[in-house]
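Novice: Below you will find the structure I want to go over with you.
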Amino acid sequence: MVFPRHHLTTLLSTLLVVVCSSTSLSAGSIPERFPNCAVVTQSELASQVGRDVMRDGGNAIDAAVASAFALAVTHPAAGNIGGGGFLVYRGADGSTTTYDFREVAPRGATAEMWIDEDGNYDRNRHHSSALAVGVPGSVAGLHLAWTEHGKLPWKRLVEPAIELAEQGFEVTPGLAQSLAGSHDRFKISEAALDQFTNNGKLFVVGDRLVQKDLAKSLERIALKGPAGFYEGKTADLIVKQMKAMGGLIDHEDLKAYRPIQRSPVTGDYRGHKIISMPPPSSGGVTLIQMLNILENVNLREFGAGSANSLHWMAESMRLSYLDRARHLGDPDFVADQPIDLLISKQYAKEQHLKIAPDQAGISEIEQIQQLHESPETTHLSVVDGERNAVALTTTLEYSYGSGIVVSGGGFLLNNEMGDFNPVEGVTTLAGQIGTPANLTAPGKRMLSSMTPTIVERNGELLMVTGSPGGRTIINTVLQTIVNVIDHEMNAQDAVNYGRIHQQWLPDRIRYERNGFSPDTLNILLERGHVLDEAGAQGSAQIIVVDPENEGLQTGVDHRRPGAAAAGF
Ligand code: DON
């Protein structure tokens, strides 16, 4: 890490960045192209499932639903039926909507539940226990989206996942590595150890991962829809698991779960319409705030990866993430979020004036520090032959969620309760925020950063984007959009290009190793930015409508293993 002298104190409170794999700056990659339909996910098998659904006459929603169920089998770190997510939809007729299937806090949850008997914040309880499990939303949310827009029978969409779970599939290098990396976390539940080891031994490449209990749970979903998950045998198994491990979720919590259809949050960026996810995700609002600020400078003239571009993006991030921490939470509980103001052009003009063109701002005035978020989620993008489009991001929160597999059910439960602020009123530089908007309450949805987004140009579909990566998600999505709109990159270049992340506090820019030249980084240092070299940021899977022939370019992010496009 390199830093200018006046930031030494901030440095002390800077969170460590986990270095994963490296990425490299690229320009001139050739994106895969498909004339009709395309789907991009974190798993080749799941992408093929979506493609086959569209071959069979299914539309983008059908494909997204089928791919999402397949991901629950082939990409268990983040694909799920025991977690939640958000889906942004744009129909070929230009109509738009979103589906919020974020987990909710069980009825027994309270704002004080993360404080132990001695009055101390219990991080383990908040992030890694049965109490960290929110009521899952994925099955209900996918079903609602299908009910409103799907064409093929529901059963047809779940069947490929059943088959993958029942017959098993070959463990890829990425999966073997990921299962080994999380092995210790599986010790929380016997069923997880059983499911994610090969008779007690670590899976190796080429082994088959067979998940019979998961296949049965999926069969109940295929037959009965949400009732096959929130009621009956699966519900019994979840409640039994919760009781055995001191979790809160009961039958009533499961039965009461409802996904919510919400109007998207929309913005305009240099004449392009941005369609994204409103609260309880912070993604859309924060994304639009940043784009609005950036509209006041000429990023194209600055050039991709230039110190000027990075400076302005980082400063827009700094200001917008502060607003995120201050204001955003579940709108059904926090009515006074000033969203119209935050996404207004006037506010962006004022924010832009706070940014000095050649000097980094300082994030010390507000004593707000944000919580650690783990990087494990997954995004998929789909466009069908009619140009219906879906951006879907789904998560268990940590990699493999809570690590708890429901015994007899074969699926992982999330640890999404960790996204709530931990202690009311306690905001510390050491890593907590206690702002009221995102405190735990019964039935409340925890604030998210997931940013599934669709972009229009001249009233037509231009781009579908999204990424995992915890709080970095919003910035990753921002950069894919800027790369396509301002720098006119093709889909693959837009994904490959180096990424940065600033989130107000800690006050520093994380940049991807090998993503930017040393001279550029030196200019940023001279302007007073603190810089942290980091590994890969996010895993954006995007689709861009080819400006020349109206076909589809896919941008497949290889920062994490396994991602692939499929289409025809
Ligand atoms: O909802 C959120 O923002 C987080 N729970 C997402 C976590 C995440 O992205 C991890 N991904 N790689």
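Novice: In segment 382-421, which residue that is among the polar types (S, T, N, Q) and touching a Gly at 6+ places or on another chain (Cβ under 8 Å) is modelled with the lowest pLDDT?
Specialist: For segment 382-421, the residue satisfying everything is Asn421.
Novice: Consider segment 227-236. How many of its residues are surrounded by fewer than 20 Cβ atoms within 10 Å (Cβ to Cβ) and either of a type outside the set (A, V, I, L, M) or farther than 18 Å from Lys155 by Cα (or both)?
Specialist: Selection size over segment 227-236: 4.
Novice: Filter segment 448-499 down to the residues that are in a strand (DSSP E or B), within 16 Å of the ligand (Cβ to nearest atom) and under 17 Å from Tyr89 (Cα atoms) and list them by number.
Specialist: Within segment 448-499, Thr453, Thr465 meet the criteria.
Novice: May I pose another question? Could you check segment 168-227 and list, in sequence order, the residues that are small (Gly, Ala, Ser), assigned to a helix (DSSP H, G or I) and under 16 Å from Val73 (Cα atoms)?
Specialist: Across segment 168-227, the qualifying residues are Gly174, Ala176, Ser178, Ala191, Ala192, Ala215, Ser217, Ala222.
Novice: Mind checking which pairs have a first residue in segment 280-305 that is closer than 11 Å to Leu478 by Cα and a second that is within 16 Å of the ligand (Cβ to nearest atom) and polar (S, T, N, Q), Cβ under 6 Å, 6 or more apart or different chains?
Specialist: Qualifying pairs under 6 Å: Gly283/Ser449; Gly283/Thr451; Gly284/Ser276; Thr286/Ser320; Leu287/Ser276; Leu287/Thr451; Gln289/Ser320; Met290/Ser320.
Novice: Has segment 361-370 got at least one residue that is crowded, with 19+ Cβ neighbours inside 10 Å, modelled with pLDDT of 75 or more, within 30 Å of Ala180 (Cβ to Cβ) and more than 16 Å from the ligand (Cβ to nearest atom)?
Specialist: Looking for residues that are crowded, with 19+ Cβ neighbours inside 10 Å, modelled with pLDDT of 75 or more, within 30 Å of Ala180 (Cβ to Cβ) and more than 16 Å from the ligand (Cβ to nearest atom), one finds none in segment 361-370, hence no.
Novice: Within segment 102-135, work out how many residues are within 27 Å of Val158 (Cβ to Cβ) and in contact with a Leu (Cβ under 7 Å, 6 or more places away or on another chain).
Specialist: 3
Novice: Could you please let me know if Asp253 is in a helix (DSSP H, G or I) and closer than 21 Å to Ala441 by Cβ? Walk me through how you get there before you give the answer.
Specialist: On the way: in a helix (DSSP H, G or I): yes; closer than 21 Å to Ala441 by Cβ: yes.
When the stated conditions are applied, Asp253 passes them.
Novice: Right, here's the next one. So, in segment 265-294, exactly how many residues are assigned to a loop (DSSP other than H, G, I, E, B) and surrounded by fewer than 20 Cβ atoms within 10 Å (Cβ to Cβ)?
Specialist: Residues in segment 265-294 being assigned to a loop (DSSP other than H, G, I, E, B) and surrounded by fewer than 20 Cβ atoms within 10 Å (Cβ to Cβ): 2 in total.
The values are calculated or read from the model by the stated rules, or taken from the named source; none is laboratory data. Note that the structure is a prediction, hence the values are computed from the model and not measured. Counting neighbours? That spans all protein chains shown, and the Cβs are built from the backbone with ideal geometry, glycine included.
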